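*Asks:* Below is a structure I'd like to ask you about.
The values are calculated or read from the model by the stated rules, or taken from the named source; none is laboratory data. Quick caveat: nothing in here was measured; it's all calculated off a predicted structure. With ideal geometry, Cβ positions are generated from the backbone for all residues, glycine too; neighbour counts draw on all protein chains shown. Areas reflect the complete protein model, heavy atoms only, side chains present, ligands, DNA and RNA absent. Shrake-Rupley method; radii C 1.70, N 1.55, O 1.52, S 1.80 Å.
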Amino acid sequence: MIRRIGFAHREVGRAAAAAATTAAAATVLGVGHLVAVFVDPASSPFFVLGATVVDRTPKWLKDSAIRWFGTNDKLALAITMGVVMVIAAALIGQLARRSLTLGACALGGLGVVVALAALSRPTATPLFAAPAIVGTGAGIAALCALLLVPADDDRAAGPTRRGFLLTLTTVVVAAAGAGIAGRVIGRRLRDIEADRASFVLPRVAEPIAPVAAEMELAIPGSTRFVTPAAEFYRIDTALQLPALTRDRWRLRIHGMVDREIRLDFDELSSRRAVESLITLTCVSNEVGGELAGTAKWTGYRLTDLLAEAGPAPGADMILSRSIDGFTASTPLAAVLDNPDALLAVAMNGAALPVANGYPARMIVPGLYGYVSATKWVVDLELTRFDRARAYWTERGWADRAPIKTASRIDVPAAFAKLPTGLVTVAGVAWAQGRGIAAVEVQVDDGPWQRATLAAAYSLDTWRQWSWQWDASPGTHALRVRAIDATGAVQTDVRMTPFPDGATGWHSRVVTVR
Ligand SMILES: Nc1nc2c(c(=O)[nH]1)N[C@H]1C(S)=C(S)[C@@H](COP(=O)(O)O)O[C@H]1N2
Ligand SMILES: [Mo]
């Protein structure tokens, strides 16, 4: 005798339905993350969603997010996304409670949206859809396991609580397990830290001058002349750091050139290595902000690499591209014949940290990072400003972005309470390409007074300054401004970072008693 095996919809309450769909959504993400290990880390549904949100966020919201959360903006995004997903899953739960088919269709629909978003990532291959599709399949299966019971099972309408809770726990543990397994296997497969550890610093034929003692004022609380790699600011659009090992790295130089060039890391390493000490600055740095740092970069002259390709007449832009799809447009003139414009492979005598571009990045003195400092760089296309745009210039930021003169008070701290008498006021000032000639400090509406400058290393590095203040009781405003080596005084006109860098004098209020 043949018995038809059927299933019946399990009757659950609102909360249980929400829990079931949330567990199903977690399955989509967990299983998707595991599958992504074998496709590409960037195809993981969670990162696809995050990266799509980052790229589509309107500029004003992105700026506010950076202002509110600073460098925690990525954590804030992850939490917001998590909350939105739980709410969406709970809503689908109410649908699934009435009709499992409708619930499964809603989940499947979202899966298709994520798969399409994955396919439109800059580095996508057709396989990028796989994690979302497989993950969604697993999510729907989990939902069925939770909301269906065998039809002949008279417990369907009876005391199903224990069975449900057991299945729920199993699904949540399996989803988390898949996600964690994805992370662990992913780390093993692309053990980027092991790759970094085996990096050997290239031998530099002519080392640059060392940093002399007079360049470092060593005032407690004030910025050090060379920024340790671990303290270097980090700004990029990458939610997940690219894990690009040296053996998989390739550089292609193409476009308006006589000969297209392709290099692997070994071939790059056979070129002549050089060093330069450069202060890198982010255009998003607010007046008094911390998004600048100085490091010794080791690498290969961009002008030498470009000469191998032979830029065609008429080319005026290098469009550099990162493995993660980020692009920057650098004026060719800023690089040609500039011995300090580098394809850098090391920072302060060690391999670049992964967050700062391992295994290779661009460094061009005098230009804000978004138009010059592409990390994880794999492609240089020679083109023209009237033909191409880059990640941020497409979003309204300036095409040409030389770094503006800036000065900053590091000590005393904002709103510090100080004893009457001698107080050391100190900080840094930069005007890459021009050099700092003087720094002046003003207390309240008093006269501008010259600070003492540390010795200059080069025009392209910041300079420390300090000033002894005979502080009298009361609340005072300290203000700083720099004068560059062309004689231009730093402007007091307040400008926002958008579209080409903030201006204005940095000031701090302190109380003396
Ligand atoms: N691939 C990639 N490279 C990038 C960016 C990015 O978002 N992606 N941001 C640029 C910006 S805006 C700056 S200021 C510098 C910052 O470099 P750092 O993180 O090493 O300090 O990197 C540049 N290179
Ligand atoms: Mo930046």
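*Asks:* Taking 7 Å along the Cα-to-C-beta vector as the label spot, tell me the residue 80-residue 203 distance in nanometres, rounded to one decimal.
*Replies:* Each label point is offset 7 Å from its Cα along the Cβ direction, giving 5.2 nm.
*Asks:* While we're here: Hey, how many Å between the Cα centroid of segment 209-234 and the Cα centroid of segment 21-47?
*Replies:* Distance between centres, Cα-based: 42 Å.
*Asks:* Right, another one. Restricting the calculation to Cα positions, tell me the Rg (one decimal) and the Dmax (whole number) of segment 67-139 in Å.
*Replies:* 15.0, 44
*Asks:* Send over the semi-axes of the chain's equivalent ellipsoid, whole angstrom and largest first, taken as the square roots of 5 times the C-alpha gyration tensor eigenvalues.
*Replies:* Equivalent-ellipsoid dimensions as semi-axes: 52, 30, 19 Å.
*Asks:* Still on this structure: Heavy-atom accessible area per residue, segment 265-366, 1.4 Å probe: how many Å²?
*Replies:* For segment 265-366, the solvent-accessible area averages 27 Å² per residue.
*Asks:* To the nearest 20 debye, what is the magnitude of the charge dipole of segment 409-513 about its Cα centre, counting +1 on the Cβ of each Lys and Arg and -1 on the Cβ of each Asp and Glu?
*Replies:* Magnitude of the dipole: close to 200 debye.
*Asks:* First obtain the Kirkwood hydrodynamic radius of segment 208-360 from its Cα pairs, then insert it into the Stokes-Einstein equation at 10 °C and 1.306 mPa s, and state the resulting D in µm² per second as a whole number.
*Replies:* Diffusion coefficient, whole number: 93 µm²/s.
*Asks:* Hey, another quick one. About the Cα centre, and with charges only on the beta carbon of Lys, Arg (+1) and Asp, Glu (-1), how big is the dipole of the chain? Nearest 20 debye, please.
*Replies:* Computed charge dipole of the chain: roughly 1680 debye.
*Asks:* So how do 105, 144 rank on accessible area, 1.4 Å probe, biggest first, that is with the largest at the start?
*Replies:* Correct descending sequence by accessible area is 105, 144.
*Asks:* Skip the ligands, DNA and RNA, and give the accessible area per residue of segment 40-143 with a 1.4 Å probe, whole Å².
*Replies:* 51
*Asks:* Please give the calculated 222 nm ellipticity per residue for the chain, where each DSSP H segment of at least 4 residues contributes -39500 (n - 2.57) and the sum is spread over every residue; nearest 500 deg cm²/dmol?
*Replies:* Calculated at 222 nm, the ellipticity per residue is -10500 deg cm²/dmol.
*Asks:* State which stretch of the chain is the longest one without any exposed GluC sites (Glu not before Pro), exposure meaning a DSSP loop state and at most 11 other Cβ atoms within 10 Å.
*Replies:* By the stated rule (loop sites, at most 11 other Cβ atoms within 10 Å), 1-259.
*Asks:* What do you get for the angle between helix 73-98 and the principal long axis of the chain? Use alpha-carbon atoms, 0 to 90 degrees, nearest ten.
*Replies:* Around 20 degrees separate the two axes.
*Asks:* Here is a follow-up. Could you tell me the convex hull volume per residue, in Å³, taken over the Cα atoms of segment 362-513?
*Replies:* 137
*Asks:* Under a Cβ-only charge scheme (Lys and Arg +1, Asp and Glu -1), can you give me the dipole magnitude of segment 221-378 about the Cα centre, in debye to the nearest 20?
*Replies:* Rounded to the nearest 20 debye, it is 260 debye.
*Asks:* Which order do the peptides 171-179, 319-327, 40-48, 331-339 take when ranked by the mean count of other beta-carbon atoms within 10 Å per residue, highest first?
*Replies:* Sorting 171-179, 319-327, 40-48, 331-339 by mean packing, highest first, produces 40-48, 319-327, 171-179, 331-339.
*Asks:* Moving on to the next point. Can you give the net charge of the other residues whose Cβ lies under 11 Å from the Cβ of residue 337, counting K and R as +1 and D and E as -1?
*Replies:* -1
*Asks:* Also, I was wondering about something else. Provide the per-residue ³J(HN,Hα) series for segment 389-405, in order, calculated from phi with Karplus coefficients 6.51, -1.76, 1.60 and θ = phi - 60°, each as a whole number of Hz, with x at glycine and proline positions.
*Replies:* Per-residue couplings from phi come out as 9, 10, 3, 7, 6, 5, 9, x, 6, 5, 5, 9, 9, x, 6, 8, 4 Hz.
*Asks:* From the convex hull of the Cα coordinates of segment 112-239, what is the mean projected area in square nanometres?
*Replies:* Convex hull of Cα atoms, orientation-averaged projection: 16.2 nm².
*Asks:* Per-residue accessible area for residue 391 at 1.4 Å probe radius, Å² rounded to 10?
*Replies:* 20
*Asks:* With point charges of +1 on the Cβ of Lys and Arg and -1 on the Cβ of Asp and Glu, referenced to the Cα centre of the chain, which listed residue (312, 90, 392) lies farthest in the positive direction of the dipole?
*Replies:* Most positive-ward Cα: 90.
*Asks:* Karplus couplings for segment 57-68 from phi (6.51 cos²θ - 1.76 cosθ + 1.60, θ = phi - 60°), rounded to Hz, Gly and Pro as x?
*Replies:* For segment 57-68, the Karplus curve yields 4, x, 3, 4, 6, 4, 4, 5, 4, 5, 5, 6 Hz.
*Asks:* Also, I was wondering about something else. Carbon and sulfur atoms: what percent of the 1.4 Å accessible area of the chain do they account for?
*Replies:* 60
*Asks:* Dipole of the chain (Lys/Arg Cβ +1, Asp/Glu Cβ -1, origin at the Cα centre): which of 41, 12, 180 lies farthest to the positive side?
*Replies:* Farthest towards the positive pole: 12.
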